[in-house]
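Engineer: Below you'll find the structure I mean.
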Amino acid sequence: MSVLVFAESSEGKFKKTAFEVVSYGKKVAEQLGTNVVALTINANDSSELYTYGAEKVVTVSNDALNTFNAKQYAAIVTEVAKAQSATVVVVDSSIDGLYLAPLVAVDLEAGCVSNVVAAPSSTSPFTVKRKTFSNKTFSNTVISTDHKVIGVAKNSYGVHENPVAGSTEAFEPAIAASGVTSEKVERVTGKVTIADADIVVSAGRGLKGPENWGMIEELADVLGAASACSKPVSDLGWRPHSEHVGQTGKPVAANLYIAIGISGAIQHLAGINASKVKVVINTDPEAPFFKAADYGIVGDAFEVVPKLIEKLKAF
Ligand code: FAD
């Protein structure tokens, strides 16, 4: 028996969530009295995971797997889970993780719970705490199947160092032998993605039109942030749908979320309230977003944002 953790990487570098899921897997393994095995696909330095408690790292290297493909990755995770006799599989709850987890669960006939925020409160029955109802409430869920798939919510369990003397084992999955083909065709390179970003700069209808997004992108660049938008902005075609955040868009669990010209409707807040620090810039002091904000600036975005960029550049 073991706990298998899928440690996601991008362009060879581990995502921060990889360290969080390994930390989580280590905790579960301790609770079950077993070992944690980490799986990496095309990561440059898999031994980094020893720091977070991975006793064994199974590495898959295949250039055709450079782009995430849920079906292929799920087949590999399942194969490794079976080879390692893993009864618990841990992934993250990023967009990719949310695709991956149920596919792995179907293959393993496992119960699957995503958006998990804490280590199991009990392993018999196996009980995990997860975010529910658009992150507004928590629920304790019992997984009663023999195999379990857990999706860990970003920035919830945290990254915990737990150094071990680990070992690495190369693995050639059956899917590689049968020939891998990638399906996903769109990948934005050189830009921070919303899912991975520590900082997200987001703007709404208060920006008046797409021609005014230059300052939003500049602020995002200066901060090394991802840029995002409210739903009407993407519905109007001012920004791509991939930037739409909220209940019906992408979830954001950033360390810093800056909302500019966004009113703070409940459907918007539902998708971003897992972010740690929220800063709001809005001309209307009565905008609902101020109630959810940690810091607020009542002011015109067209005056405040350029000044902010100037100050940050001088910093
Ligand atoms: P507005 O509500 O028009 O707000 C614009 C804000 O900009 C105002 O507060 C205004 O004071 C401020 N402003 C104006 N000029 C300036 C200026 N110069 N400087 C600074 N501030 C200025 N919305 C989402 O975002 N995400 C979702 O996932 C989502 N899902 C939805 C699902 C359903 C089923 C429904 C019914 C709605 C959903 N919505 C969602 C829409 C949501 O209800 C709001 O309509 C939307 O979030 C409002 O977008 P906004 O804040 O950009 O625009």
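Engineer: How big is D, in µm² s⁻¹, for the stretch 44-145 by Stokes-Einstein at 37 °C and 0.692 mPa s if Rh is the Kirkwood radius over C-alpha pairs?
Structural biologist: In µm²/s, the coefficient rounds to 216.
Engineer: Calculate how many DSSP beta bridges within the stretch 1-84 are antiparallel, expressed in % of all such bridges and rounded to the nearest 5.
Structural biologist: 15 percent
Engineer: Among DSSP beta bridges whose residues both lie in the chain, state the antiparallel percentage, nearest 5.
Structural biologist: Looking only at bridges with both residues in the chain, the antiparallel portion is about 20 percent.
Engineer: Now for a separate question. Taking 0.36 nm per residue of separation and subtracting the Cα-Cα distance, what length does fully extending Glu109 through Ser47 add?
Structural biologist: Working: separation 62, 0.36 × 62 = 22.32 nm, distance 3.06 nm.
Once the chain is fully extended between Glu109 and Ser47, it gains 19.3 nm.
Engineer: On to the next question. Report, in listed order, any pair from Lys131/Lys307; Lys208/Lys311; Lys129/Lys250; Lys250/Lys278; Lys27/Lys291 with a Cα-Cα distance greater than 28 Å.
Structural biologist: As for pairs spanning more than 28 Å Cα to Cα, those are Lys131/Lys307; Lys27/Lys291.
Engineer: Please say if the stretch 111-167 is rounded, prolate or oblate, where rounded means a/c under 1.5 for a ≥ b ≥ c the square roots of the C-alpha gyration tensor eigenvalues, and otherwise the choice is prolate for a/b larger than b/c and oblate otherwise?
Structural biologist: oblate
Engineer: Please give the length that would be gained between Asn255 and Lys276 if that part of the chain were fully extended, namely 0.36 nm times their separation in residues minus their C-alpha to C-alpha distance (nm, one decimal).
Structural biologist: Full-extension gain reported as 7.1 nm.
Engineer: Given all pairs of different Cα atoms, what value in angstroms does the Kirkwood hydrodynamic radius of the chain take?
Structural biologist: The answer is 20.5 Å.
Engineer: Between Glu11 and Glu169, what is the label-point separation in nm under the 7 Å Cα-to-beta-carbon projection?
Structural biologist: For the pair Glu169/Glu11, the computed spacing is 3.3 nm.
Engineer: Taking a probe of 1.4 angstrom, what is the accessible area of Arg205 in Å², to the nearest 10?
Structural biologist: Looks like 150 Å² after rounding.
Engineer: Now a separate question. Taking only protein heavy atoms and a 1.4 Å probe, what accessible area per residue, in Å², does the chain have with all protein chains in place?
Structural biologist: 46 Å²
Engineer: Under a Cβ-Cβ cut-off of 11 Å, what is the net charge of the residues other than Asp198 that fall near it, where Lys and Arg count +1 and Asp and Glu count -1?
Structural biologist: +2
Engineer: I've got another one for you. Give me the one-decimal nm value for the distance between modelled label points at Asp146 and Ser124, 7 Å along each residue's Cα-to-Cβ direction.
Structural biologist: Placing both labels 7 Å beyond Cα along the Cβ direction yields 1.7 nm.
Engineer: Further question: Taking 0.36 nm per residue of separation and subtracting the Cα-Cα distance, what length does fully extending Tyr99 through Ile266 add?
Structural biologist: 57.6 nm
Engineer: In the chain, which helices (entire DSSP H runs) extend 18 Å or more along their own long axis, judged by Cα positions, while averaging at least 0.5 on the Kyte-Doolittle scale?
Structural biologist: 95-108
Engineer: Could you please state how large a percent of the accessible area of the stretch 29-89 is carbon and sulfur, counting protein chains only and using a 1.4 Å probe?
Structural biologist: On the way: 880 of 2150 Å².
Looking at the stretch 29-89 in its full context, I get 41 percent from C and S.
Engineer: Two decimals is fine: what's Rg over Rh for the stretch 213-298, C-alpha atoms, Kirkwood radius as Rh?
Structural biologist: Answer for the stretch 213-298: 0.92.
The values are calculated or read from the model by the stated rules, or taken from the named source; none is laboratory data. Computed from a prediction, not measured in an experiment: that's the story for all the values here. For neighbour counting, all protein chains shown are included, and Cβ atoms are generated from backbone atoms with ideal geometry for every residue, glycine included. Protein only, heavy atoms only, side chains kept; ligands, DNA and RNA dropped before computing areas. Shrake-Rupley method; radii C 1.70, N 1.55, O 1.52, S 1.80 Å.
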